[in-house]
Every structure is written in structure tokens, then in C-alpha cells.
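Chemist: Before we start, here is the structure in question, set down as C-alpha cells.
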Amino acid sequence: MSDIKVQFWGSRGSIPASFCGNQVRLKIFKALEAARGLHLDSEKSINEFIDQTLPFSVSNSFGSNTSCVQIAKNSDEYLICDAGSGIRDFAVDYFKSGFGIKSSTFHILISHLHWDHIQGFPFFAPAFIPGNKIIFHGYHDTIEPTFRNQMQEPWFPVNFDDLAADIEFNIMKPCEPFSLCGFDISSIEQQHPGVSYGYRFLKNGKSVVYSTDSEHNNDAYKEDYPFINFFKDADLLIFDAQYSLADATFTKVNWGHSSNVMGVELAARSKVKTLCMFHNEPTCDDFELEEFLLNTKMYGDIYHSEVEPDMNDKQYPENIILAYDGLIVEL
Ligand SMILES: [Zn+2]
Ligand SMILES: [Zn+2]
């Protein structure tokens, strides 16, 4: 059994992404086109065709929810990063799995308070159930008023004070380390409008870094850049790669996000095992995101053969993946 199971409930950045009928139609067309001439005359052969032949962009989807990542589940205790719209799907699964019948504790770590990281909370059904406990952890002293205000009239019909769960706010000094659910947790201040924080989770020698909404500029190329140490040897780095290099360098400077190219650069120098690109661009459809992943993997190979051929015997990051709603990474 793995020590750590990370589950992605929301992978998009900025705003939930739409998924309309024309996208469904295009996927059906591509699937039928790929099936032409094949004899898919049993359920088994159809399932194998879907799972083994069709590309991810046709058989699946990167999803539409904004940031929410489950880091741990320890009996009736949960550790979750951010409360974007993905936290609603987390709750649906929580009730389906039968855990809704007994009280639970939900630790919600907050990277920062932009809307895409808080907007799911008013729809987080466990907050409406007495006996449940919700503890927000973070470093912004505005966490409590922000979560209260988004549930005020006229923005939401149920007031925060009417939530039946026991809700606490653990506001710490910036970057103060803490422990939860068997993890030692450290953090780093990130460049983002209003400041965001990245979290590093360590348990039994395995580490996961959640670093979203973080812009890395030219300082990133300095040898003593602090993120190199923060990401060092991480088994999984969840990295804000919303932009292409062109966007990050020219049109969207100071918007607070980074590129896939920067993700490869920092993951390689930090010897990260798996780079998971996150905070996916909401205007990109599944086909564009799949191409973005493919291009990033190609860049990863070029980086090692041409940019830094002698840097590592082993190629880091070993894997490059793109987060999608429903992705589970076990370490
Ligand atoms: Zn965001
Ligand atoms: Zn943000």
C-alpha cells in the first residue's frame, strides 16, 4: 500500500472551464473515426479500444473544476489544498463512499484567496452537517472575513453563521511550519498578486509540493533561487503551468502564473521525480491541453540533450503529467 495518495478534484485556474455539446460531438466523431474498420463486437473489445487506443483527449477530459487537491485521508480526517469548485465533487464522492454518515474533520489549507480557490466552499455540503469539523489553515489574516463575505447577501442565500459544522481558522505566522494528518508541512511565499503560499508535505521520507499561483521570473535562473531548495527531490511537484513560454514572457508578465518551460527548468534542477502541471488554462479544450502536455514532454527531452546535457546522470523530472479532475497519484 502506498504511503501517500493525492487526488485531484479541481485542476483548472482562474475560472471553471466550460464543456459544451460541440466538444462532445467532436470526441464522438474522433472515436468513431478511429474505430472505422475495427470489429468491436464485444463489451470487452469496446472497453479495450477506449482504454488502449483512443487518446486521453477523446476518451476522457482534463475536467472543468478550479483548484482543489486532496493530499490525505486518515480514517475520518481529510487534508485538502484550496476550496475551488472541485471541493464540491470531493464532497459528492465523500457522501457516496458512505463517510457522510459519521462526523469527519476537514483540514483545508489555503494558498491564497482568489476566487478560483474559495468559490466551491459555499457548496461544500459537509459544512451544513452538525458534528463535522472544518479547520482552515493558512497565513493570510483575511482568510476568515473572505470566507464569511462570499456567503453574505446578496452573493449567497445561506449565511456563513448558519453553517452547522464547527468551523475554525488557524491563521499562522507567514511560513510557520506545522503538522497535520501525519505530514510535516513547510511553506514558501510566492510571487502572485496579493501573495500566495506553496506547501511542502513530508511523510515517511516521501514528499509532495503544492505550488500553484506562483510566477517565476528571471531570478529563477540564479543558482541560489529559494524554490530549488523548496522543490528539492520532491516525489511529486504540483506546479502552476497555466501559460506557454510566450504568454509568460510577453503578454502575461506579472499576472502571477508560470509556464510549462519554467516547470521543466525548476523540476530538473530540483531533481523532482514527477512534475504535475496544474492550474490549467480555462480557455484551452482537451485537445489543446493534450498537445500542451506533449510539447512539454518534448521540451523535457530537449532540455536534457541540449540545455543541460551533463547536469544529471538521470533525467529529471522522470515523469511529466498534466493534472486532470479525477487524477490519483500514489507515492
Ligand atoms: Zn488561481
Ligand atoms: Zn491567484
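Chemist: Report the residue count in segment 99-121 for those that are crowded, with 19+ Cβ neighbours inside 10 Å and either of a type in the set (Asp, Glu) or part of a helix (DSSP H, G or I) (or both).
Modeler: Selection size over segment 99-121: 3.
Chemist: Is it true that some residue in segment 217-231 is within 16 Å of ligand 1 (Cβ to nearest atom) and either modelled with pLDDT under 95 or closer than 30 Å to Arg25 by Cα (or both)?
Modeler: Checked segment 217-231: no residue is within 16 Å of ligand 1 (Cβ to nearest atom) and either modelled with pLDDT under 95 or closer than 30 Å to Arg25 by Cα (or both).
Chemist: Tally time: how many residues in segment 159-213 are in a loop (DSSP other than H, G, I, E, B) and within 16 Å of ligand 1 (Cβ to nearest atom)?
Modeler: Of the residues in segment 159-213, 7 are in a loop (DSSP other than H, G, I, E, B) and within 16 Å of ligand 1 (Cβ to nearest atom).
Matching residues to (1) acidic (Asp, Glu); (2) away from ligand 2 (no atom under 16 Å from the Cβ); (3) under 15 Å from Asp285 (Cα atoms); (4) out of contact with any helix residue (DSSP H, G or I) (no Cβ under 9 Å at 6 or more places or on another chain):
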residue: Arg12; (1), (2), (3), (4): no, no, yes, no
residue: Ser18; (1), (2), (3), (4): no, yes, yes, yes
residue: Leu26; (1), (2), (3), (4): no, yes, yes, no
residue: Phe29; (1), (2), (3), (4): no, yes, no, yes
residue: Leu40; (1), (2), (3), (4): no, yes, no, no
residue: Val69; (1), (2), (3), (4): no, no, no, no
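Chemist: If you don't mind, another one. If you check Lys133 against the conditions, is it charged (D, E, K, R), modelled with pLDDT under 95 and either at positive phi or more than 16 Å from ligand 2 (Cβ to nearest atom) (or both)?
Modeler: The answer is no for Lys133.
Chemist: If you don't mind, another one. Quick one: would you say His107 is within 16 Å of ligand 2 (Cβ to nearest atom) and at pLDDT 95 or above?
Modeler: Considered against the rule, which asks whether it is within 16 Å of ligand 2 (Cβ to nearest atom) and at pLDDT 95 or above, His107 comes out as no.
Chemist: Name the residues in segment 201-251 that are under 22 Å from Glu288 (Cβ atoms), surrounded by fewer than 17 Cβ atoms within 10 Å (Cβ to Cβ) and not aromatic (Phe, Trp, Tyr), would you?
Modeler: Of everything in segment 201-251, those that are under 22 Å from Glu288 (Cβ atoms), surrounded by fewer than 17 Cβ atoms within 10 Å (Cβ to Cβ) and not aromatic (Phe, Trp, Tyr) turn out to be Leu245, Ala246, Asp247, Thr249, Thr251.
The values are calculated or read from the model by the stated rules, or taken from the named source; none is laboratory data. Remember, predicted model here, so these are calculated numbers, not experimental data. All Cβ positions, glycine included, derive from the backbone under ideal geometry; neighbour counts span all protein chains shown.
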